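Just below is one structure, and these are the notes that go with it.
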Amino acid sequence: MRIEKANELGLCFGVKRAIGIVEKVAREQGGIETLGALAHNQQVIEKLAAIGVRVVKDINDIQGDTVAISSHGVSPHVEEVIRAKHIKIINTTCPSVRRAQLAAQRLAKASFFVVVYGDAKHIEVKGVLGWADGKGIATLDENLLKKLDQVPRRLGILSQTTQIPEHFTEFVKKLVDSTLTKNAELYIIDTICHSTRKRQTAAIKLAEKADLMLVIGSRTSANTNRLAELCAVVTKTYLVETTEEIKPSWLKGKQHIGITAGASTDEQTINEVVACLEALAKGL
């Protein structure tokens, strides 16, 4: 049995950067709080907790005088509320997310109604919309705009950074068909991050030749779910968080197992899954 890892997988630049910043501050200060999980991965959260990084869900739960904003970013309003409490902010927002935030801000200031292609409940998307100063919506359904009392004449369209590029393209095409009217103006900004593209491309390439794909990462991670979604179209795919979820029956009759992992999945977890598969393969 051959076990092969995708050429691009695991921790992305943005998450590595955030972890590095928080680890440094935690060691210098003897600990630090983060507003929300630094990354959507329980193993990463547990490792950070071991050096004094504590996750708080709400601003009112912050006990210290310093808090780190996660790689997903927050709205300007949230930052203002934190500073009003005289709490220092360590901002670890991913540069790709920051680019999307600034794009939303520019569009809103230019009088465009901002449409974010993404999960309206996701923390990143909420933050990006916050930079549009309430002048926008987030949706995965192009028909939602039709339900507005009046479809805005000027639309600025961008994407959650972890969405599938082809799906964003289709969304934009449908939006053009359904909302374009006389004198309408559309401004489209591709804000899908480069790391996401590379990981998705590498995962699909491997899935096309593998009998089975394992996608390692949290089920609360948007980019991990996108990887599993893409691989499942090509071959049999399972999303697992740890080795405990792997079933020996999955491997029966399989000669080529492909491995990919979400952008919040650390190398140790990936290596543990590979070792587990190698051990199981010997018993078949």
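The values are calculated or read from the model by the stated rules, or taken from the named source; none is laboratory data. Not measured: the values here are computed from a predicted model. Every residue, glycine among them, receives a Cβ derived from its backbone with ideal geometry; neighbour counts consider all protein chains shown.
Numbers below:
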item	result
Qualifying positions in the stretch 238-274 - surrounded by fewer than 20 Cβ atoms within 10 Å (Cβ to Cβ), among the hydroxyl-bearing types (Ser, Thr, Tyr) and in contact with a Leu (Cβ under 8 Å, 6 or more places away or on another chain)	238
Flag if residue 270 is under 16 Å from residue 15 (Cβ atoms) and at pLDDT 95 or above	yes
Matching option when the condition is in the same structural domain as residue 217 (by TED's automatic domain parsing) and touching a strand residue (DSSP E or B) at 6+ places or on another chain (Cβ under 6 Å), among 6, 104, 26	6
Matching residues, the stretch 149-193, being over 23 Å from residue 101 (Cβ atoms) and either in contact with a His (Cβ under 9 Å, 6 or more places away or on another chain) or assigned to a loop (DSSP other than H, G, I, E, B) (or both)	149, 150, 151, 153, 180, 181, 182, 183, 184
In the stretch 117-135, residue modelled with the lowest pLDDT [restricted to those that are farther than 19 Å from residue 222 by Cα and surrounded by fewer than 19 Cβ atoms within 10 Å (Cβ to Cβ)]	134
Within the stretch 194-208, tally of residues that are more than 20 Å from the chain's Cα centre (by Cα) and either of a type in the set (D, E, K, R) or within 14 Å of residue 100 (Cα to Cα) (or both)	2
From 56, 44, 97, residue being touching an Asp or Glu at 6+ places or on another chain (Cβ under 6 Å) and under 30 Å from residue 282 (Cα atoms)	44
Scope the stretch 36-75; condition in contact with a helix residue (DSSP H, G or I) (Cβ under 8 Å, 6 or more places away or on another chain), more than 21 Å from residue 15 (Cα to Cα) and surrounded by fewer than 17 Cβ atoms within 10 Å (Cβ to Cβ); matching residues	59
Selection status of residue 25, within 30 Å of residue 159 (Cβ to Cβ), of a type in the set (Val, Ile, Thr) and out of contact with any Pro (no Cβ under 6 Å at 6 or more places or on another chain)	no
